[in-house]
């Protein structure tokens with residue numbers, strides 16, 4: 001495992017903001033590589049992009065010129081970790097994944113983390129060979145295992161950050177039609193996207209149950225934690241995915257950012273970002 005070192009809070013010269021007299025609001029964005037081109041961290045040193053090679057994670061170099069950057073609000077801190085190849089079924093939040101998360105959050109008081117935004121699951125659903133047919137039984141098994149794994153990650157995150165709100169951002173989508181017919185079959189692509197929708201829907205149902213349990217534990221008082229789903233891919237269209245792995249195109253990244261922020265800050269990340277962005 002090899003990576004660049006992340007910075008601590010209150011660092012000057014383009015560092016992260018700290019308000020006088022109180023700690024800043026901290027948001028954590030944890031994803032697989034589908035958010036690799038979204039620059040959401042407060043600055044580059046607060047953003048870690050990793051890629052998996054032969055089972056180990058390494059720092060992903062370059063690529064900054066294609067990024068879409070959100071404009072953070074004042075007085076907030078955003079840490080971002082994207083893990084290329086992260087498979088929740090095989091890895092969960094264990095081992096290198098957990099270690100990299102801890103390093104991304106170096107210098108952050110866990111009690112200051114108010115919001116967690118999680119996106120993962122496509123690497124557990126997508127077969128390595130998109131030319132192979134996925135049967136009904138195989139699809140059902142993949143969906144169940146992925147839902148269970150995503151919920152396991154959610155529980156682990158809530159255990160680490162017991163006062164944070166958590167929003168699941170969905171699974172992602174592979175192309176709706178083959179980009180290269182030598183490597184992708186239409187039926188398999190459609191099957192994977194159908195599985196992704198099912199996973200998102202079932203995670204939404206389970207998080208509603210978990211949120212109700214939290215409300216009961218907290219006596220229904222105001223300000224209790226919110227657990228929910230905001231599917232950034234619910235309005236996905238042709239041209240928003242650039243490859244068979246599901247990585248969003250520039251148009252897709254802009255669509256995700258608009259879904260996260262929305263006009264007037266009404267999206268799930270509206271407390272952290274202005275409703276504007278620019279290309280790097």
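Summary table below
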item: Candidate set: segment 259-280, residues that are in contact with a strand residue (DSSP E or B) (Cβ under 8 Å, 6 or more places away or on another chain), at negative phi and in a helix (DSSP H, G or I); chosen: the one modelled with the highest pLDDT; result: 260
item: Residue among 173, 221, 244, 235 that alone is under 21 Å from residue 262 (Cβ atoms), in a loop (DSSP other than H, G, I, E, B) and at pLDDT below 95; result: 235
item: Residue match in segment 33-47 (condition: in contact (Cβ under 8 Å) with a residue 60 or more places away in the chain and part of a strand (DSSP E or B)); result: yes
item: Scope segment 83-92; condition surrounded by fewer than 24 Cβ atoms within 10 Å (Cβ to Cβ) and either in contact (Cβ under 8 Å) with a residue 12 or more places away in the chain or under 13 Å from the mean Cα position of the chain (by Cα) (or both); matching residues; result: 84, 85, 87, 89, 90, 92
item: Selected residue [part of a helix (DSSP H, G or I), in contact with a strand residue (DSSP E or B) (Cβ under 9 Å, 6 or more places away or on another chain) and surrounded by 14 or more Cβ atoms within 10 Å (Cβ to Cβ)] from 193, 123; result: 123
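This table checks each residue for (1) outside any helix (DSSP H, G or I); (2) in contact with a helix residue (DSSP H, G or I) (Cβ under 9 Å, 6 or more places away or on another chain); (3) touching a residue at least 40 places away in the same chain (Cβ under 8 Å); (4) surrounded by fewer than 19 Cβ atoms within 10 Å (Cβ to Cβ).
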position: 146; (1), (2), (3), (4): no, yes, yes, no
position: 154; (1), (2), (3), (4): no, yes, yes, no
position: 189; (1), (2), (3), (4): no, no, yes, no
position: 204; (1), (2), (3), (4): no, no, no, yes
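The values are calculated or read from the model by the stated rules, or taken from the named source; none is laboratory data. As the structure is a prediction and not an experimental result, all values here were calculated from the model. Every residue, glycine among them, receives a Cβ derived from its backbone with ideal geometry; neighbour counts consider all protein chains shown.
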